[in-house]
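The values are calculated or read from the model by the stated rules, or taken from the named source; none is laboratory data. Being a predicted model, the structure only gives us computed values, none of them experimental. Every residue, glycine as well, gets a Cβ built from its backbone with ideal geometry; the counts of neighbours run over all protein chains shown.
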Amino acid sequence: MTPLRAPAPSVTHVADVTVDAQAAAEVCGAPGVRGALPADAGSMSGPSLADSPELADSPELAESPELAELAELVSGGGVAVLSGAGLSTESGIPDYRGPTGLARRTSSPGPMTYQAFTGSDQARRRYWARSHLGWRHVARAEPNDGHRAVAALQDRGLLAGIITQNVDGLHQAGGARQVIELHGSLDRVVCLGCRQRTPRNELDQRLRAANPGWRARATAINPDGDAVLTDADTAGFAIVDCRACGGVLKPDVIFFGENVPRARVGECYQLVSQARALLVLGSSLTVMSGYRFVRHAAGLGHPVAIINQGPTRGDGQASLRIDAPLGGTLTRLAGVC
């Protein structure tokens, strides 16, 4: 089937962002509440359909046989959703491998690995300095039309469940419920010693108190909330330990080289097994962590549909593929289901 192609969205860059600890004091709000930021922090939300006429009024997309076929599939209900970073790019959060990730793959450090984080105080200091600045970009992001469309489909009883590889919490902020966060969430912190989980806002307050004069300038933000900083910016950053046991604190996300908890993987397999079809949204499926569920669905004979900009590892298992921006495509899908 010939994939539908639509104009790629503009790339969102974050440049010359300067934050000092004192000026960021208002960033922390109620734990787990998005948007608890100062009024002058600026909006990080992506464009809406009203701001994107090329998506809202695209006759090519509206009349595509691929969209009609997808609508027929989803309207039958029982659809499991597997989402990736491409769903959040329209909210201003970059991806690693999609159209907005190309420059970063050649100009910025790769993501932190579990082995590096646990094996070196210097690596943890570097990570927490970059994440202390960069996670605010994720925290102030707002759900986009794609997130809201998925929530609308769930409200209509058409989805068996949602699995997301993203750590930004935007599905829930967009109204979705009972989302399986395959790779965890940036709004929580876990102690590697006692396993106690605490809100990220609480850690932010402690890091600001430990670094009262720290200033840094980020030239880019990675999808995991990791800001690109110089070695000079990270060298003097003070990190803090678990208040309960003195153990090492880590964001409650799955780093590269770390295993997803077995029970969580089993929950995802069960969801895909019980679903009637699998819909992949904004994922290249390069990492086996998500790709295995596509293989599982295909092995059970379930239809697999993919909406993504660019090729994916799962194209061979897909019965339907649409190459188009997610926000406009999903909004039109929700409008006809």
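Could you check region 217-251 and list, in sequence order, the residues that are in a loop (DSSP other than H, G, I, E, B), within 18 Å of the chain's Cα centre (by Cα) and within 16 Å of ARG200 (Cα to Cα)?
ASP224, GLY225, ASP226
Every residue in region 254-291 that is part of a strand (DSSP E or B) and either surrounded by fewer than 17 Cβ atoms within 10 Å (Cβ to Cβ) or at pLDDT below 95 (or both), please. Outline the logic, then answer.
Quick first cut of region 254-291, residues part of a strand (DSSP E or B) only: 256, 277-281.
Result: PHE256, single match.
Among the residues of region 294-316, which ones are assigned to a helix (DSSP H, G or I) and either at pLDDT below 95 or surrounded by fewer than 20 Cβ atoms within 10 Å (Cβ to Cβ) (or both)? Break it down into steps so the answer makes sense when it comes.
Our first condition is that a residue be assigned to a helix (DSSP H, G or I); within region 294-316, this holds for 294-299, 315-316.
Once the filter is applied, which keeps residues that are assigned to a helix (DSSP H, G or I) and either at pLDDT below 95 or surrounded by fewer than 20 Cβ atoms within 10 Å (Cβ to Cβ) (or both), region 294-316 yields ARG295, HIS296, ALA298, GLY299, ASP315, GLY316.
Out of (1) in a strand (DSSP E or B); (2) crowded, with 19+ Cβ neighbours inside 10 Å; (3) not small (Gly, Ala, Ser), what's the single condition that is false for ARG208?
(1) is the only condition that ARG208 fails.
Filter region 170-199 for residues that are closer than 15 Å to VAL81 by Cα, assigned to a loop (DSSP other than H, G, I, E, B) and in contact with a Leu (Cβ under 9 Å, 6 or more places away or on another chain) and give the result.
ALA176, LEU182
For residues that are assigned to a helix (DSSP H, G or I) and among the hydroxyl-bearing types (Ser, Thr, Tyr), scanning just region 317-337, find the one that is nearest to HIS147 (Cα to Cα). Working first, answer last.
Taking region 317-337 and keeping what is assigned to a helix (DSSP H, G or I), we get 317, 326-336.
Add one more test, that the residue is among the hydroxyl-bearing types (Ser, Thr, Tyr), and what stays is 329, 331.
Details: THR329: 11, THR331: 9 Å.
Checking each candidate, the answer is THR331.
Just to be sure I understand, how many residues within region 172-228 are touching a His at 6+ places or on another chain (Cβ under 6 Å), closer than 20 Å to GLY146 by Cβ and at pLDDT 95 or above?
Taking region 172-228 as the starting set, the residues that turn out to be touching a His at 6+ places or on another chain (Cβ under 6 Å) are 174, 179, 207, 221.
Now restrict to residues that are closer than 20 Å to GLY146 by Cβ: 174, 179, 221.
From the residues that got through so far, the ones that are at pLDDT 95 or above too are 174, 179.
Adding up the residues that qualify gives 2.
Hey, can you tell me all the residues within region 74-102 that are at pLDDT 95 or above, crowded, with 21+ Cβ neighbours inside 10 Å and either over 17 Å from the mean Cα position of the chain (by Cα) or not in a helix (DSSP H, G or I) (or both)?
VAL74, VAL79, ALA80, VAL81, LEU82, SER83, GLY84, SER88
With the requirement that a residue be touching an Asp or Glu at 6+ places or on another chain (Cβ under 7 Å) and of a type in the set (Ser, Thr, Tyr), what does region 323-337 give you?
Of everything in region 323-337, just one residue is touching an Asp or Glu at 6+ places or on another chain (Cβ under 7 Å) and of a type in the set (Ser, Thr, Tyr), namely THR331.
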